[in-house]
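Have a look at the structure below before the remarks.
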Amino acid sequence: MNMTVSLRHQHLDQMKPWTDRQHLLECLSATPEAPDVMTFTFRSDKDNWFRYLPGQFVTLELPAAAEPVMRTYTLSSTPSRPLSVAITVKAQKDSIGTRWMFDNLKPGMRVKAFGPLGDFSHIRHPGEKYLFVSAGSGVTPMMAMTRYMSDTAPLSDITFINCSRSPADIIFRSELEYLARFMPNLDLGFIVEGCGRTDLWSGLKGRIDKAKIGLLAPDFMDRTIFCCGPEVFMDAVRSMLVAHGFDMTRYHQESFQPAQAASPLAEVSDDAPTEAATSISFTMAGKDVPCAPGQTILQAARGAGVRIGAACESGLCGTCRVMKLSGEVEMSHNGGILDDEIEEGYILACCSRPKTDVQIEA
């Protein structure tokens, strides 16, 4: 090993993992990928490396309005290259946060991020062979997992199906075709809704259906399937698989919508025992506020003018994580907080309801 490589390894050994409690993200680059699609690459604002699973997401706090807006994006980068992270995002016509990034986020600028979090990863749901099915920017977690396997297990058996509006809208097409040269078991299948007069396209056209899946992945019944895209797209794929008798324990889909969101207030019947109201002390704001039975800490904070950042408000993204200094709460989350964070005393304000008087660091 030469001296340059040796010094680099010594430097990495001295670095600490990035954590959203202590560090920011600093933009390194903004790269166009397809029409209205950009990849933003970040490093830590300190000397840190990133630890996450391929397919996980982060929530960014963006100064796009009078009050910061929270937007959740899947990481398209691979943790096998830990000195930077990247998100690949598509700006819709009504986008606020994403459009602000396109117009304003430049190299050197810093943003607050929460995470990474999420269960949508082949690390969490391993299989002998995979079928990745995506539409539009839903390709990002699939790309993260494929990049990771390219670095760590290039013989992995992956059938990669992506659906786009047109050939020009296929995100990562060139890189995927490049990776396929070195991954002998990576089979690519692109489906486009239509082509322009100048588009050279000999592939499949139309919308995804059972016939196209069977053509591109004849053995799909034997594969572990990951699916990501618009809700309508994922519902269609899921329905096709169910109708075909697929073992749905091997089906996984990415969604920032939980299976069941927490209700704003618990409904109490006339015959139910009456719960006593509790008190919440927000120590940094210096406010003590009452909390009605069934009310979440986030709802009480908003009613008192105490700002706690929030995005999904269903216990999924982890943005509203706060430290509970004392008292007991009932928390029903959807994976937006880690076990070790709970042990340290952190809770998610959006899905935590006080059982006793509590003190919150906010």
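The values are calculated or read from the model by the stated rules, or taken from the named source; none is laboratory data. Every value quoted in this text rests on a predicted model; they were computed, and no experiment measured them. Cβ sites come from the backbone with ideal geometry, for glycine too, and all protein chains shown count toward neighbours. Heads up: the accessible areas ignore ligands, DNA and RNA and are worked out on the full protein's heavy atoms, side chains in. Shrake-Rupley method; radii C 1.70, N 1.55, O 1.52, S 1.80 Å.
Worth a mention:
- Summing Cβ point charges (Lys, Arg +1; Asp, Glu -1) relative to the Cα centre of the chain gives a dipole of roughly 1180 debye.
- Accessible-area composition of the range 304-362, carbon plus sulfur, in percent [1.4 Å probe]: 40 percent
- Accessible surface of residue 52 - all protein chains present, 1.4 Å probe, nearest 10 Å²: 20 Å²
- Using the empirical formula 2.2 N^0.38 Å as the baseline, the Cα radius of gyration of the chain reaches a ratio of 1.10.
- A simple rule links phi to the HN-Hα coupling: the Karplus curve 6.51 cos²θ - 1.76 cosθ + 1.60 with θ = phi - 60°, which for the range 35-52 gives x, 6, 10, 9, 9, 10, 10, 10, 10, 6, 6, 10, 8, 10, 10, 9, 10, 6 Hz, with x for Gly and Pro.
- Share of pairwise Cα separations in the range 116-190, more than 20 Å, in percent: 26 percent
- Length-normalised contact order for the chain - Cα pairs under 8 Å, 6+ apart - percent: 13 percent
- Rounded to the nearest 10 degrees, the angle from helix 231-243 to the longest Cα principal axis of the chain is 70 degrees.
- Sequence of 160, 182 when ordered by accessible area, the most exposed leading, probe 1.4 angstrom: 182, 160
- Peptides 296-304, 163-171, 281-289 ranked from most to least packed by the mean count of surrounding Cβ atoms within 10 Å: 296-304, 163-171, 281-289.
- Helical mean residue ellipticity (222 nm; -39500 (n - 2.57) per DSSP H run of 4+; nearest 500) of the chain: -6000 deg cm²/dmol
- Surface exposure of the chain, expressed per residue as accessible area with a 1.4 Å probe, stands at 50 Å².
- The range 201-214 - phi-based ³J(HN,Hα) in whole Hz, Karplus 6.51/-1.76/1.60, Gly and Pro as x: 9, 10, x, 6, 10, x, 9, 5, 8, 4, 5, 5, 4, x
- Mean projected area of the Cα convex hull of the range 1-122, taken over all directions, amounts to 9.1 nm².
- Listed peptides 354-360, 214-220 by packing density, highest first (mean Cβ within 10 Å): 354-360, 214-220
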